[in-house]
Amino acid sequence: MQLPKITIITPSLNQGQYIEHTITSILKQNYPNLEYIIIDGGSTDNTVDIIKQYAGKINYWVSETDNGQAHAINKGLKIATGDIVNWINSDDFLEPGALMAIADQYNSNPNGEVFCGYTHCFWEDTGKTSHIYRMGLKKNPTDTLLNIEMNQPGTFYKSEIIQKLGGVNESLRYVFDNELWMRYLCHFGQANVVCMNETLAHFRQHGNSKSFGEGFNAFNKEQQNILQQLCLQTQLPEVLQKYVDRDTKTHHYTSQNWNFKHLNIPKFHGYFAHKYMVTLFNDGLIQESKEAFKAAVKSGYLKLNRKTIGLFFNLYLKNFYKSRTMEITE
């Protein structure tokens with residue numbers, strides 16, 4: 001069996017206490033067709049000394065000032081020559097046998113474009129498992145995009161797909177992995193996503209990591225800004241766009257034009273219609289609320305609960321019952 005070339009990129013900055021574990025977890029895969037690249041952002045701790053210890057087994061490494069994690073990853077992608085690529089951050093590590101499992105799936109699924117395994121998340125201070133998860137796929141790409149469950153360490157892309165997508169978006173600090181996945185879903189759909197049963201990676205949760213040290217609020221702000229830009233590019237009705245803009249914090253995200261081949265735009269808009277249909281009603285925009293209610297029904301996002309039933313009554317039945325009462329009274 002011919003093994004595909006797998007490129008692993010490790011972006012790094014001052015993670016000297018963890019990076020050796022990352023490096024050895026990759027090298028000890030003993031995968032015969034590995035390309036390993038480390039892009040360090042000019043660390044001032046012992047990171048570079050550790051990298052030098054393994055320099056003979058690393059295909060390329062550099063330590064120089066960069067513009068952040070996404071920039072470091074793109075620098076690595078420009079060098080990468082593998083058939084498959086992923087980045088493993090300098091505080092995470094691979095499960096033994098992960099690369100061979102990826103290679104098996106690559107050879108077994110010639111149409112496969114993205115290969116998703118499980119990631120084990122654990123607390124650094126206790127060693128206890130937080131959760132184990134895999135990239136979430138819903139019934140269709142639009143539902144998957146709107147209910148995003150990101151699992152970057154356990155998700156490997158064909159390199160040609162990453163190149164077509166143009167790498168990761170450097171204007172994002174936190175959710176460039178989400179944005180890459182969302183662009184993939186819109187452009188390519190999800191028919192060629194291969195879901196695996198193996199655990200491929202381990203994600204270390206500690207106080208100095210962006211995911212926890214800086215809080216989920218920062219991640220959510222960037223994610224909302226991406227959705228805001230998608231609404232603009234797909235021409236969400238202006239009355240709904242105003243609410244999306246109102247609820248989105250200003251951010252530095254710079255979006256290129258997306259390929260929406262596999263995005264169901266009416267369904268996508270229906271999500272926001274459902275989100276704001278009650279707000280429209282409460283703001284006195286009755287006709288607009290009716291249109292949003294209809295769009296939510298058509299999209300399939302409408303759920304029967306007290307809020308939606310109450311809105312339906314106020315939009316369509318309240319005046320009827322008032323008129324019936326008047327007839328009886330008179």
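Only the coordinates and a few stated rules stand behind these numbers; no lab work does. What you are looking at is a predicted structure, and each value in this text was computed from that prediction instead of being measured. Cβ coordinates were reconstructed from backbone atoms using ideal geometry, including for glycine residues, and neighbour counts include every protein chain displayed.
Springs join every pair of Cα atoms under 10 Å in this Gaussian network model of the chain, and among 143, 125, 83 the largest mean-square fluctuation is at 125.
Averaging the sequence gap over all C-alpha pairs within less than 8 Å and six or more residues apart, then dividing by the number of residues, gives the chain a relative contact order of 15 percent. Amide hydrogen proximity for residue 118: with H placed 1.01 Å from N in the peptide plane, the residues at 5 or more positions away or on another chain lying under 5 Å are 198, 199, 200.
Taking Cα centre as origin and charging only the Cβ of basic (Lys, Arg, +1) and acidic (Asp, Glu, -1) residues, the dipole magnitude of the chain rounds to 1320 debye. Evaluating 6.51 cos²θ - 1.76 cosθ + 1.60 at θ = phi - 60° for every residue in the stretch 93-102, the Karplus couplings come out as 7, 8, 6, x, x, 5, 6, 5, 5, 4 Hz, glycine and proline recorded as x. A simple count of charges around residue 125, restricted to other residues whose Cβ falls under 15 Å of its Cβ and scoring Lys, Arg +1 and Asp, Glu -1, yields 0.
If you take the charge dipole of the stretch 179-309 about its Cα centre, with +1 on Lys and Arg Cβ and -1 on Asp and Glu Cβ, which of 277, 228, 217 is farthest toward its positive end? Ranked along the dipole, the leading option is 277. Put in line by how crowded their Cβ is, counting other Cβ atoms within 10 Å and starting with the fewest, 202, 120 read 120, 202.
Along the axis of the charge dipole computed for the chain (Cβ charges of +1 for Lys and Arg, -1 for Asp and Glu, origin at the Cα centre), the listed residues 13, 126, 53 are led at the positive end by 126.
Using alpha carbons only, how many angstrom separate the centre of the stretch 142-163 from the centre of the stretch 169-204? Distance between centres, Cα-based: 2 Å. Among 166, 154, 97, the largest mean-square fluctuation in a Gaussian network model of the chain, built with springs joining Cα atoms closer than 10 Å, belongs to 166.
Between 0 and 90 degrees, the angle of helix 69-79 with respect to the longest Cα principal axis of the chain falls at about 60 degrees.
Compute the separation of the alpha-carbon centres of the stretch 1-36 and the stretch 258-283 and state it in Å as a whole number. Centre-to-centre distance over Cα atoms comes out at 42 Å.
Against the chain, whose longest principal axis is taken from its Cα atoms, helix 216-233 shows a tilt of about 60°.
Put a plus charge on the Cβ of each Lys and Arg, a minus charge on the Cβ of each Asp and Glu, and nothing anywhere else: the dipole of the stretch 74-195 about its Cα centre is then about 340 debye. The ranking of 176, 260 from fewest to most other beta carbons within 10 Å of each one's beta carbon is 260, 176. What shape does the stretch 69-214 have by the C-alpha gyration tensor, where a ≥ b ≥ c are the square roots of the eigenvalues, rounded means a/c under 1.5, and otherwise prolate means a/b greater than b/c and oblate the rest? Rounded shape, in that the Cα axes give a/c under 1.5. Could you give the angle, 0 to 90 degrees to the nearest 10, between helix 286-299's Cα long axis and the longest principal axis of the Cα atoms of the chain? For 286-299 against the chain, the angle is about 50 degrees. Does the stretch 1-82 come out rounded, prolate or oblate, given a ≥ b ≥ c as the square roots of the eigenvalues of its C-alpha gyration tensor, rounded meaning a/c under 1.5 and, failing that, prolate meaning a/b above b/c? Judged from the Cα gyration tensor, the stretch 1-82 comes out oblate (a/c at least 1.5, b/c at or above a/b).
Among [x] 23.8, 95; [y] 25.9, 118; [z] 19.4, 57, find the value of Rg and Dmax of the Cα atoms in Å that was calculated from the structure presented, and write down its label. Structure-derived value, by its label: [x]. By the count of neighbouring beta-carbon atoms within 10 Å, fewest first, 155, 199 end up ordered 199, 155.
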